[in-house]
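**Student:** Dumping the structure here so I can ask a few things about it.
The numbers here are math on the coordinates, done by the rules we state, and not lab data. Treat the numbers as computed from the prediction; the structure is a model and nothing was measured. Cβ coordinates were reconstructed from backbone atoms using ideal geometry, including for glycine residues, and neighbour counts include every protein chain displayed.
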Amino acid sequence: MEVNETRPPVPSSEDFAHLGRGVLMGAADIIPGVSGGTVALIVGIYERLVTAISHCDGTFVGHLTHRRWRAAAAHIDLRFLVFLGLGIGCGAVALGAVMHTLLEDYRQFTLAAFFGLIGASCWLVAKLVGQWRVGEVIAAIAGAAFALWLVQQEALNHPPDALWYVFLCGVIAICAMILPGISGSFILVILGKYHDVTGIIKSALHL
């Protein structure tokens, strides 16, 4: 009697490509001033990512309620999110520990490198716009004005150590990471928790 065995799907080259893109996003997310959303836009997965996240809706809940696991997974593009999420986690953890040391011992060189990365990402996104008309220029000026206002905000010198504040910082930073051009790590700098977060990563890895 022949028995049909259900085997887990083998990761494909596309899965590993999403893993690599996730590593790039995670590494960007940990650098103040560099946006993981911008990286997602540059590597061509931003629309798919936003679509997958937006599908965490009533239909998805309905599939879960009726135990339609495969339909639920397909609805939110779970395979894509899993490999991308693994990459983001690996990239953020790997660079987060190093970043703590770089900002402590080589602050000026590290900030100069940040400047170069931000400049390069601006140029790449500008190429994606294609034809620049009046509307695009106005939108760019508005975005630049908001970014300028944001970077002029002073970091909190004595932020609360309560868990609710850490949770709030995480929520705000993650929301910012989804938006191209907004750095979640820089939000953590303003909220006074960036050094603490990278310090936790460094301590966890015993570096």
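**Student:** Which peptide among 59-67, 75-83 comes first, and what is the full order, when sorted by highest mean count of other Cβ atoms within 10 Å? Numbers along the way, then the final one.
**Tutor:** Details: 59-67: 12.4, 75-83: 17.9.
The peptides rank, most packed first, as 75-83, 59-67.
**Student:** Which order do the peptides 159-170, 84-95, 123-134, 42-53 come out in when sorted by mean C-beta neighbours inside 10 angstrom, highest first?
**Tutor:** Working: 159-170: 13.1, 84-95: 19.8, 123-134: 10.2, 42-53: 15.4.
Most protected by this proxy first, the peptides run 84-95, 42-53, 159-170, 123-134.
**Student:** When only alpha-carbon atoms are used, what values of Rg and Dmax, in angstrom, describe segment 152-207?
**Tutor:** 11.7, 34
**Student:** Over the Cα atoms of the chain, what radius of gyration and what Dmax do you get, in Å?
**Tutor:** In order Rg, Dmax, the Cα atoms of the chain give 19.7, 72 Å.
**Student:** Another one. Report, by chain and number, residues whose modeled amide H sits under 5 Å from the one on Gly192, excluding near sequence neighbours (fewer than 5 apart, same chain).
**Tutor:** Correct list: Leu156.
**Student:** Can you tell me the length gained on complete extension of the stretch Leu163 to Arg133, counting 0.36 nm per residue apart and subtracting the Cα distance? Can you show the working numbers first?
**Tutor:** On the way: separation 30, 0.36 × 30 = 10.80 nm, distance 4.66 nm.
The span from Leu163 to Arg133 would gain 6.1 nm if fully extended.
**Student:** Taking every eigenvalue of the Cα gyration tensor of segment 125-175, multiplying by 5 and rooting it, what semi-axes result, largest first, whole Å? Could you put the intermediate results ahead of the total?
**Tutor:** Details: eigenvalues 235, 37, 11 Å².
Each semi-axis is the square root of five times an eigenvalue, giving 34, 14, 7 Å.
**Student:** How large is the charge dipole for the chain, taken about the Cα centre, if only the Cβ atoms of Lys, Arg (+1) and Asp, Glu (-1) carry charge, to the nearest 20 debye? Walk me through the numbers before you get to the answer.
**Tutor:** On the way: 12 positive and 14 negative charges, 57 e Å.
I would put it at about 280 debye.
**Student:** Run the paramagnetic zone check for Ile141: 7 angstrom along Cα to Cβ, then residues of segment 169-195 with backbone nitrogen under 17 Å.
**Tutor:** none
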